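Engineer: Before I ask anything, let me first share the structure, which is written out below as structure tokens.
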Amino acid sequence: MKTKLAVVSLLASMSASTLVSADTDAMMEAAGKELFSKCSACHSVDSSKNAFGPSLIGVVGRKAASLPRFAYSDALRKSEITWDEGNLRKWIAGNDQFVPGTRMRHVEITDKAEQDYLIAYLKTLK
Ligand code: HEC
């Protein structure tokens, strides 16, 4: 009887923490969406079309400069970067230091939490 009670309360506490983390994800994505206002002038997300910048749909995990119909800089083409979290972090912290010669105007988001939010949002772009 006692064991059963312990299992029940363990299950209850597990689902509570799962709920909390789902909440946090949603909050991070929402915060990232706000920050994306610094990017949306050039990057389209409502379709897979390119604007002044390449579409960022599916960018997380993509090889840099790999969209067929976008005129990337030679610098980005030759960079051999894959857009994992670490590289995205360096890019948004100072894209033109990370890839000198890029055509993208300088952005500088150095706050670690803001980088987390933005990357959480980029992950939702599929
Ligand atoms: C003034 C326009 C502009 C703004 C603002 C801008 N970008 Fe860009 N972005 C570009 C251009 C142009 C490129 C292509 C760069 C190149 O070819 O060197 C690019 C490339 C990228 C790439 C590489 C995509 C690929 O297919 O390899 C990522 C990732 C990216 N931008 C993210 C962002 C994020 C995140 C922000 C906001 C913090 C942002 N950009 C703001 C114009 C912009």
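Engineer: When you scan the range 80-116, how many residues do you find that are polar (S, T, N, Q), over 18 Å from Met28 (Cβ atoms), near the ligand (Cβ under 10 Å from one of its atoms) and in a helix (DSSP H, G or I)? Break it down stepwise before answering.
Structural biologist: Of the residues in the range 80-116, the ones polar (S, T, N, Q) are 82, 87, 95, 97, 102, 110, 115.
Applying the additional criterion that residues be over 18 Å from Met28 (Cβ atoms) yields 82, 87, 95, 97, 102.
Among the residues that remain, those that are also near the ligand (Cβ under 10 Å from one of its atoms) are: 82, 87, 95, 102.
Now drop any that are not in a helix (DSSP H, G or I), which leaves 87, 95.
Counting residues in the range 80-116 that are polar (S, T, N, Q), over 18 Å from Met28 (Cβ atoms), near the ligand (Cβ under 10 Å from one of its atoms) and in a helix (DSSP H, G or I) gives 2.
Engineer: Then there is this: Mind checking which residues of the range 59-84 are within 17 Å of Ala120 (Cβ to Cβ), in contact with an Asp or Glu (Cβ under 9 Å, 6 or more places away or on another chain) and of a type outside the set (Val, Ile, Thr)?
Structural biologist: Passing the criteria: only Gly61.
Engineer: Could you pull out the residue among Gly53, Gly58 that is within 6 Å of the ligand (Cβ to nearest atom) and in contact (Cβ under 8 Å) with a residue 40 or more places away in the chain? Even if it seems obvious, please write down each step before you answer.
Structural biologist: Working: Gly58 fails: within 6 Å of the ligand (Cβ to nearest atom).
After applying the criteria, what remains is Gly53.
Engineer: Would you pick out the residues in the range 64-89 that are of a type outside the set (A, V, I, L, M) and within 23 Å of Lys112 (Cα to Cα)? Talk me through it step by step, then tell me what you get.
Structural biologist: Applying the first criterion (of a type outside the set (A, V, I, L, M)) to the range 64-89 yields 66, 68-70, 72-74, 77-80, 82-87, 89.
Result: Thr82, Trp83, Asp84, Glu85, Gly86, Asn87, Arg89.
Engineer: I've got another one for you. Determine which member of the set Tyr72, Tyr117 is in contact with a Pro (Cβ under 9 Å, 6 or more places away or on another chain) and of a type outside the set (Gly, Ala, Ser). It would help to see each step written out before you state the result.
Structural biologist: Values: Tyr117 fails: in contact with a Pro (Cβ under 9 Å, 6 or more places away or on another chain).
Just one listed residue meets the conditions, Tyr72.
Engineer: Do we have Ser37 as over 16 Å from Lys123 (Cβ atoms), small (Gly, Ala, Ser), more than 8 Å from the ligand (Cβ to nearest atom) and surrounded by 16 or more Cβ atoms within 10 Å (Cβ to Cβ) here?
Structural biologist: Details: over 16 Å from Lys123 (Cβ atoms): yes; small (Gly, Ala, Ser): yes; more than 8 Å from the ligand (Cβ to nearest atom): yes; surrounded by 16 or more Cβ atoms within 10 Å (Cβ to Cβ): no.
No; evaluated as a whole, the condition is false for this residue.
Engineer: While we're here: Mind listing whichever residues of the range 65-79 are at pLDDT below 95, aromatic (Phe, Trp, Tyr) and either near the ligand (Cβ under 6 Å from one of its atoms) or in contact with a Leu (Cβ under 9 Å, 6 or more places away or on another chain) (or both)?
Structural biologist: Of everything in the range 65-79, nothing turns out to be at pLDDT below 95, aromatic (Phe, Trp, Tyr) and either near the ligand (Cβ under 6 Å from one of its atoms) or in contact with a Leu (Cβ under 9 Å, 6 or more places away or on another chain) (or both).
Engineer: Please verify whether Leu118 is in contact with a Leu (Cβ under 7 Å, 6 or more places away or on another chain) and either loosely packed, with under 12 Cβ neighbours inside 10 Å or at pLDDT 95 or above (or both), treating the condition exactly as stated.
Structural biologist: Numbers: in contact with a Leu (Cβ under 7 Å, 6 or more places away or on another chain): yes; either loosely packed, with under 12 Cβ neighbours inside 10 Å or at pLDDT 95 or above (or both): yes.
Yes.
The values are calculated or read from the model by the stated rules, or taken from the named source; none is laboratory data. Predicted model only: the values in this text are computed from it and were never measured. Here Cβ is always computed from backbone atoms with ideal geometry, including for glycine, and neighbour counts include all displayed protein chains.
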